[in-house]
Structures are given as C-alpha cells and as structure tokens.
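S.K.: One structure, pasted below without further comment.
The values are calculated or read from the model by the stated rules, or taken from the named source; none is laboratory data. Predicted model, so just to flag it, every value in this text is computed and none were measured. Please note: Cβ atoms are built from the backbone with ideal geometry, for glycine as well, and neighbour counts cover all protein chains shown. Please note that ligands, DNA and RNA were not included when accessible areas were found on the heavy atoms of the full protein model with its side chains. Shrake-Rupley method; radii C 1.70, N 1.55, O 1.52, S 1.80 Å.
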Amino acid sequence: MFRRRSLPSGQNQARVASQPRHAAPAGRDAGHDTDPGRHAAKPRADAARPRADAAGPGHEQREPWGPPPAGLDVSLPHPARVWNYWLGGRDFFAADKAAGEEIGREFPHLAETARAERAFLVRAVRFLAGPARIRQFLDVGSGLPAGGNTHEIAQRIVPDTRIVYADNDPAVILHAKALLGSPMLASTPEGAVYYADADLRDVAAVLAAAAATLDLSRPVALIMLGILGHIDDYGAARSITSQLLDELAPGSYLVIADGVVPSTSGAASVASAQRRYDASARPRYGASAPPPYRLRRPDELASFFDGLELTEPGVVPCSQWRPDGRDRDGTATVAAYCGVARKP
C-alpha cells in the first residue's frame, strides 16, 4: 500500500506547535457531526474555504496553495504530497500532481486506499470525540496536516481536545510548521496541536513527545493509519503497538487501518501491484521514497487488537466501518481493513 510518508531512522525528536486560530477548518466533517451525546462546537466563519472532502473518482482537483515552505525542494514528487493530491487537498506541487496522476492510472488501488483510510479516519475520530468521549489523540505516522485530519474533526466536536501528531519525514515537518501556523489549520485556543519529529520504531521518543502535551494517566486514542505495513517483521510491528498501548491509561483506544491481501479472487493482483509499486518507488521519489509495504492478511491485522475490546463492527474493510453514506470508493474494500478497540 502507498504511504503518506517514509520511515527513515535516526531522526532527532522535535515538536512543532500550532498557533491559536480564529476560524475553524472546513475538513471532511464540516457540517456533518451527528454523533449523539457530543459537545458540539459553534459553527465558525470559514465556510468559504474549499472543502477537503471532495476526494473520490471524478472529483474536481484543486490547484495547490501558494509557494512551498522555505527550504523545501519540490522539484521531485513526495509521497505525502501525492497522498494529499489523491485526497483532494491543496498541499502538493506540479511534480506531485503529475506523479499522482501517473501512479493512479498504473496502481488504482493506491488512490482508492488513500481515500478509504481518510474516510475511515473521519468516522473513527467522530466516534472517539463523540460517544467515546476521548479528549486526547496520538496520531503516529500522520503525514501532512491537511483538511479532514484528526485535530480538525476532534476540535470541531470538542474545542479543548489535545492532539499530538508524530512523523519523522523532514518534508512533512516543514509543511507542518507552515500549515499549522495558519489560522485555518491551527489549534483552537482552548485545545492544543503539536507535531513531533519521532520515529514509530523509537517507542520512547514517541511516548516522550506525547507526554509533553498529553496526560498519559488519562485515556488517549492511539491512531496508526497506513503505517504498520512499513514494519516488515510481523512480530516487531505487534511489539511496537503493544509497547505504546502499555503506557496508555485504561479506557484508551487503538485505531488501525492498513493495506491487506484480501481473501478474494483479486488478492494476487493486489499483491502483484504492490510489489511493482514498491520496486518503482526509489526511481520515482528518490531519497524520499517510502520503504516497501508489507500487505498482511485480515486475520493478522485483527491480531493487533488481541486483549482489547473491539467496537462494532470489528475488523472490516474500511468502507464497512460505521458507513455514513458519503463513501464513494467501494472498490477500496479489497485494499484496506480497519478497526477500533478499547483498552480495558
């Protein structure tokens, strides 16, 4: 599966704080918060901003925002910005758009998976910030802070929610500084949003970044979308997840979505396409190429939730997790599975 970012090792931890905003983001969830029991935030005055939820087959793709952040080379495509392009965002440049269109034609399951995972994220965060009453989020391997991200959804429901994003891609961190400093994507004055430069495989660094902003003695939602497949060893991926959860309070939640080898007649073609994409990544992206992605079986993905209390409907294709009627990518069900579970 395509990933928003790479996983280089040896990065030093750093945090990027957002500034208070004066207008709410118009992410995928704008105007659609229907979860019972939530604390609704008042509508804000940014309705004119183009929405970031138009992704899907045939959606009208917008042109990127202005010039790139200082120090960022945009002459080559970057995986995180290509992902943003597929989602109908605006944090991409000419090379990213060209690569996104080319990859989308050659490997259509990748763009489908990107949209399926983002739609699942929106629904999962609505559930967590609403009925589950979670007020802290740790989003690991988060990619670009574009429309429809965790803090936009959660803070629209509960403005004083606190969110830590963890990523270790230098280009993503540069984008984060620029985007989270803008009124449209910055934190609410009541809440907090931080970006941490931390590698998933360095559990201590991730937890230290989280503890600087979140109260780990209270429940936290740990979000890991499209990231565990970059840990080739199955045992290592499970160990990392367990270590992170062990440090979180009872009542915390684990949220996972990842590419799988489906138990269908199309499994061989999906696996073959993934291998071909992985082989093409280095020539296409250069040094920013993501590491190969391991597609696991649905039952292997389900095992990451062992010992936790799975919420309904369990571990299922992304489009089948509490659908709200707005998903447009039914074919993505063969490429990505997901689940949400509570730590007892």
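S.K.: Among the residues of region 245-260, is there at least one that is hydroxyl-bearing (Ser, Thr, Tyr), touching a residue at least 40 places away in the same chain (Cβ under 8 Å) and over 24 Å from ASP169 (Cβ atoms)?
M.R.: Yes.
S.K.: Tell me which residues, restricted to region 176-190, are of a type outside the set (Gly, Ala, Ser) and open to solvent by 10 Å² or more (accessible area, probe 1.4 Å).
M.R.: LYS177, LEU179, PRO183, MET184, PRO189, GLU190
S.K.: Search region 57-110 for residues being among the polar types (S, T, N, Q) and closer than 20 Å to ASP169 by Cα, and hand back the single one that is modelled with the lowest pLDDT.
M.R.: Among residues in region 57-110 that are among the polar types (S, T, N, Q) and closer than 20 Å to ASP169 by Cα, the one modelled with the lowest pLDDT is ASN84.
S.K.: Could you list, in sequence order, the residues of region 117-164 that are more than 13 Å from ASP324 (Cβ to Cβ), open to solvent by 10 Å² or more (accessible area, probe 1.4 Å) and in a helix (DSSP H, G or I)?
M.R.: ARG118, ARG156
S.K.: Here's a check for you: in region 277-328, which residue that is under 19 Å from LEU121 (Cα atoms) and among the basic types (Lys, Arg) is most open to solvent (accessible area, probe 1.4 Å)?
M.R.: It comes out as ARG328.
S.K.: How many residues are surrounded by 24 or more Cβ atoms within 10 Å (Cβ to Cβ) and in contact (Cβ under 8 Å) with a residue 60 or more places away in the chain if we restrict to region 78-108?
M.R.: Of the residues in region 78-108, 9 are surrounded by 24 or more Cβ atoms within 10 Å (Cβ to Cβ) and in contact (Cβ under 8 Å) with a residue 60 or more places away in the chain.
S.K.: Still on this model: As an exercise: evaluate ASP202 against (1) out of contact with any Pro (no Cβ under 8 Å at 6 or more places or on another chain); (2) surrounded by 21 or more Cβ atoms within 10 Å (Cβ to Cβ) and give the number of the one condition it does not meet.
M.R.: (2)
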